[in-house]
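Chemist: Take this structure first; my questions come after.
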Amino acid sequence: MKKIGVLVSGRGSNLQAIIDAIKRGYIKDAEIAIVVSDVKDAYALTRAREARIKAVHVDPGSYRTKDSYEEEILRLLQKEGVDLVLLAGYMRIVGKRLLDAYHNKILNIHPALLPSFPGLHAQEQAFNYGVKVTGCTVHFVDEGIDTGPIILQRSVPVLEDDTPETLADRILKEEHKIYPEAVKLFIEDRLTIDGRRVRIR
């Protein structure tokens, strides 16, 4: 049984997608051991508690440095025996302390087809640029911003009557499909990183 830790900052809809995928048996031999948020009132913590998952708020403002803040997160993850870390709307750049401890064991979901439109407000970036197709990406996390090796992508057309909000809603629906799929592949040891490429067995 592999244990998953999830880092969150917001409403946690992707967290819910993972919870549901485990509950219905799509993701087997895995459980979410802990959910950690840097935001005290993040709704993701409520989702975790409702699913009887340990939910913890770690206030970055209580720590003098980023390293000491991440040291506490690492302590919590390791205490629960976490094998895989998921970022689900976590609005902080993961630092060296966590990256070293969980090398190639941290996944993120991004609402654009990377390497296009990295960083914040990716849906709005894509909309304003005028692309005809955008989407979402699950990738391994490295020291850059949305630069790690790509695991899965799903395309979403930009419709003529779209707004940034309607586009974001349609992208989110695809996120809820491919994030559980990527987690399933990781749990089943079907992912191999070969340079920039992630090979799926």
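Chemist: At each listed q (0.12, 0.14, 0.19 Å⁻¹), what is the log10 of I(q)/I(0) that the Debye formula gives for segment 1-103 modelled as equal alpha-carbon point scatterers?
Modeler: With no solvent term, the Cα-only Debye profile gives -0.35, -0.48, -0.90.
Chemist: Residue-wise, which Karplus ³J(HN,Hα) couplings in Hz belong to segment 18-23, taking 6.51 cos²θ - 1.76 cosθ + 1.60, θ = phi - 60°, and x for glycine or proline?
Modeler: Result, ordered by residue: 6, 4, 5, 5, 6, 4 Hz.
Chemist: Could you work out how far apart the two model spin labels at Asp189 and Leu159 are, taking each label as a point 7 Å from the Cα in the direction of the beta carbon, and quote it in nm?
Modeler: Computed distance between label sites Asp189 and Leu159 equals 4.4 nm.
Chemist: Could you tell me whether segment 147-201 comes out rounded, prolate or oblate from its Cα gyration tensor? Rule is a ≥ b ≥ c as square roots of the eigenvalues, rounded for a/c under 1.5, then prolate if a/b exceeds b/c, otherwise oblate.
Modeler: prolate
Chemist: Order by neighbour count: His57, His139, fewest other Cβ atoms within 10 Å first, most last.
Modeler: His57, His139
Chemist: Per residue of segment 93-110, what does 6.51 cos²θ - 1.76 cosθ + 1.60 with θ = phi - 60° give for ³J(HN,Hα)? Whole Hz please, x for Gly and Pro, Karplus curve as stated.
Modeler: With the stated coefficients, segment 93-110 comes to 6, 6, x, 4, 4, 6, 4, 5, 6, 10, 4, 6, 10, 10, 10, 9, 10, 10 Hz.
Chemist: Check which residues have an amide H placed less than 5 Å from Gly12's amide H, if you skip close sequence neighbours.
Modeler: Counting only residues 5 or more places away or on other chains, the set is Ala44.
Chemist: I'd like the antiparallel share, as a percent to the nearest 5, of DSSP beta bridges with both residues in the chain. It would help to have the intermediate numbers written out before the result.
Modeler: Details: 15 of 35 bridges.
Percent antiparallel among DSSP bridges in the chain is about 45.
Chemist: How many nm separate the modelled label positions at Arg201 and Lys3, each set 7 Å beyond the Cα in the direction of the Cβ?
Modeler: In this crude label model, Arg201 to Lys3 measures out at 2.5 nm.
Chemist: Would you order Thr46, Thr134 from fewest to most other beta-carbon atoms within 10 Å of each residue's own beta-carbon?
Modeler: Thr46, Thr134
We did not get these values from a lab; they are worked out from the coordinates using the rules stated. All of these numbers come straight from a predicted model, not from anything done at the bench. Note that each Cβ is placed from the backbone with ideal geometry, even for glycine, and that neighbours are counted across all protein chains shown.
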